[in-house]
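Single-structure report; data block below.
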Amino acid sequence: MLQTKRRNKITLKTAEQLQLMREAGRLVRSVLNRCHEICKPGITTAEINRQCCEIYTAAGATGLFKNYPTYVPGEGFPGDVCISVNDEVVHGIPCDRVIKDGDVVSVDCGVKLNGWCGDAATTVMVGNVPAAVRKLCEDTQHVLELAIDNIKPGRKWSQIARLMQNFAERNGYGVVKNFVGHGVGQSLHEEPQVPNYYDPRDARWRDFDLREGLTLAIEPMCILGGKDDTEVMKDGWTVKSLNRKAAAHYEHTVAVVAGGSEVLTDGK
């Protein structure tokens, strides 16, 4: 989500509500697994979008991205999932673009099932991806795993964000700051905002306590080359790296539970 200054009430979920979110999360994971199967040279992003929508619609779920409010009032997101290729960081619009060997394709999927949301993203490496870009993807996925492994009730999010940022920057990547993770539950975007960096000098940065029942969509976005600057394209949605180098995006919906964390979008 776009980083903002707003701050609303954080809602905690019960064990029963977490189970409902896990059901939505399983469906999201099945969609992303399908993307890994079909994302080959020659397929269009529109066809990937069509198959994703077909999977969750057949399961009785509603997609959360189609017609989502945009930066331009009255112009909602036109796709069912976000598909971002190479230097596109997030919010890529599915179209007739043909996937080629060596591309990296990030797919972000959110659904609502039985009143509860699941949200996750993955980056698919297509064929012969350059070694530096492959490492970018692997390291960005590790940033997400690092966050998940270090979540515990009683900690501050800033402790997690620092670990994420430090690992990414030590490996030479830019950590996107304009777009961050978010709380998730009965709505796609709930409080708190979940940045992948720590900077108390940034007026937008707000820390929060990790408490049992808190559900977060954690989504690190890293850019090759060490720069974190991005820009929104003329379509009002697609976000590209300003240096036009490859980006990677991974996301899980994660619950804070006694003793640690529980991933709700791992398909289990």
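We did not get these values from a lab; they are worked out from the coordinates using the rules stated. Worth saying up front: this structure is predicted, and the values here are computed from it rather than measured. Cβ: placed from backbone, ideal geometry, glycine included. Neighbour counts: every protein chain shown.
Result for the chain in a Gaussian network model with C-alpha springs under 10 Å: among GLN17, GLN165, GLN193, the largest mean-square fluctuation is at GLN17.
Multiply the residue separation of VAL98 and SER187 by 0.36 nm, subtract the distance between their alpha-carbon atoms, and state the gained length in nm to one decimal. Each step should come with its number before you reach the end.
Values: separation 89, 0.36 × 89 = 32.04 nm, distance 3.28 nm.
Roughly 28.8 nm would be gained on extension.
Neighbours of SER158, meaning other residues whose beta-carbon lies under 14 angstrom from its beta-carbon, give a summed charge of +3 when Lys and Arg score +1 and Asp and Glu score -1. Look at the alpha carbon pairs under 8 Å that are at least 6 residues apart: their mean separation over the length of segment 101-232 gives a relative contact order of 27 percent. Here the residues GLU88, GLU54, ranked from fewest to most Cβ neighbours within 10 Å of their Cβ, fall in the order GLU54, GLU88. Just to be sure I understand: with springs between alpha-carbon atoms less than 10 Å apart, which residue in VAL89, VAL126, VAL98 has the highest mean-square fluctuation in the Gaussian network model of the chain? Of VAL89, VAL126, VAL98, the Gaussian network model singles out VAL98 as fluctuating most.
Spin-label pair ASN166-ASP149: with each label point 7 Å from Cα along the Cα-Cβ axis, the two points sit 1.4 nm from one another.
Between GLY172, CYS39, HIS91, the Cα set farthest toward the positive side of the dipole of segment 15-263 (charges on each charged residue's Cβ, about the Cα centre) is that of GLY172. With 23 Å as the limit, the listed pairs LYS135/LYS240; LYS9/LYS234; LYS100/LYS245; LYS100/LYS135; LYS13/LYS268 have LYS9/LYS234 beyond it between alpha carbons.
By the helix-only formula, in which each DSSP H run with n ≥ 4 contributes -39500 (n - 2.57) and the sum is divided by residues, the chain has a 222 nm mean residue ellipticity of -9000 deg cm²/dmol. The magnitude of the dipole of the chain, with charges of +1 and -1 set on the Cβ of Lys/Arg and Asp/Glu and taken from the Cα centre, is near 460 debye. Taking MET125, MET233, MET221 as the candidate residues, the one with maximal mean-square fluctuation in a Gaussian network model of the chain, Cα springs under 10 Å, is MET233.
So if each residue of separation counts as 0.36 nm, and I subtract the Cα-Cα distance between ARG134 and ASP199, what length gain in nm does that give? Provide the component values of the computation, followed by the final result.
Working: separation 65, 0.36 × 65 = 23.40 nm, distance 2.82 nm.
In short, 20.6 nm is gained.
Ranked for footprinting exposure by Cβ neighbours inside 10 Å, fewest first, THR44, THR253, THR238, THR14 give THR14, THR44, THR238, THR253.
Let me know the shape class of segment 102-198, please: from the alpha-carbon gyration tensor, a ≥ b ≥ c as square roots of the eigenvalues, rounded when a/c is under 1.5, otherwise prolate if a/b is greater than b/c, or oblate. Verdict is oblate for segment 102-198. Full extension of the chain between ASP229 and ASN33 yields a length gain of 67.6 nm, computed as 0.36 nm times the residue separation minus the alpha carbon distance. Candidates VAL184, THR122, THR238 compared by Cα position along the dipole of the chain: farthest toward the positive end lies VAL184, with charges placed on Cβ.
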